[in-house]
Amino acid sequence: MKLVCLGDSLTYAYGVKRNECWTSILKKKLQVEVINKGISGDTSAGMLARVYSDIILNSPSHVIIMGGTNDFIWNLDVEQPMANLAAIAFQLMSKNIIPVFGLSIPICTEMAQESWKFTGVNFCNINEKLRRLNNLLKSFCKNYNIRFLDFYSFFIRSDGEGKEKYYIDGLHLNAYGNKKIADIIFNVGI
């Protein structure tokens, strides 16, 4: 197995050491080649544009795809990232590459608002959009027999917010949160 992980700063593991990022931990646990193609700040459209260069040219057997949060920071509707993520899956399947979706984790709204106040972004409706996107992704995956990893359910509190102990700044996971992502993938399998 050769695995490419396509995504944004959550895949890149913004804010943690390279040996603490979930892709590095997963590489050690699985003993396979894991290529991190996360780019901080990327949107689902940027991920779609990178399919050929970042995935197809690397010839993986599997790809974990996780994105959408930055689309919502840019105030896009849920339908746009859903269309982009579906297009990524279809392109991969046409090349006999197995897509696996990671359901995006919730944010900690107040923590993100404080940590990123210099951006002027209103983070208040992002968790609702993430919930809607994840529900659409689950239905899409069931319809097309695609696996998904439910990171969202693990990181969400009963009030719809992220569990703060796993976050650096309300958006990005700390080392403990990255370890949890790797553990989920390892325990569930790809």
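Values in this text are rule-based calculations from the coordinates and carry no lab data. Owing to the predicted nature of the structure, the values given are computational and were not obtained by experimental measurement. Note: ideal-geometry Cβ built from the backbone for every residue, glycine included; neighbour counts use all protein chains shown.
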| query | Top mean-square fluctuation among Leu130, Leu92, Leu30, Gaussian network model of the chain, C-alpha springs under 10 Å? | reply | Leu30
| query | Which net charge results when you count Lys and Arg as +1 and Asp and Glu as -1 among the other residues whose beta-carbon is under 10 Å from that of Glu110? | reply | -3
| message | Please compute one quarter of the surface area of the Cα convex hull for the stretch 38-189 and express it in square nanometres. | response | 8.8
| message | Run lengths n ≥ 4 of DSSP H only: what is the helix-derived mean residue ellipticity at 222 nm for the chain, with -39500 (n - 2.57) per run over all residues, to the nearest 500? | response | -13000 deg cm²/dmol
| remark: Amide H proximity to Leu76 below 5 Å, modelled H, separation 5+ or other chain, gives none
| Alpha-carbon centroids, the stretch 1-63 and the stretch 115-190: separation in whole Å | 16
| query | In the structure shown, do any of Lys138/Lys163; Lys2/Lys165; Lys95/Lys129; Lys29/Lys129 have a Cα-Cα gap over 26 Å, and if so which? | reply | Lys2/Lys165; Lys95/Lys129; Lys29/Lys129
| task | Could you work out the relative contact order of the chain, using alpha carbon pairs under 8 angstrom and six or more residues apart, expressed as a whole percent? | result | 26
| What residue among Cys21, Cys124, Cys108 shows peak mean-square fluctuation when the chain is described by a Gaussian network model with Cα springs under 10 Å? | Cys124
| message | If amide hydrogens are placed 1.01 Å from N in the peptide plane, which non-local residues have theirs closer than 5 Å to the one on Tyr167? | response | Asn174
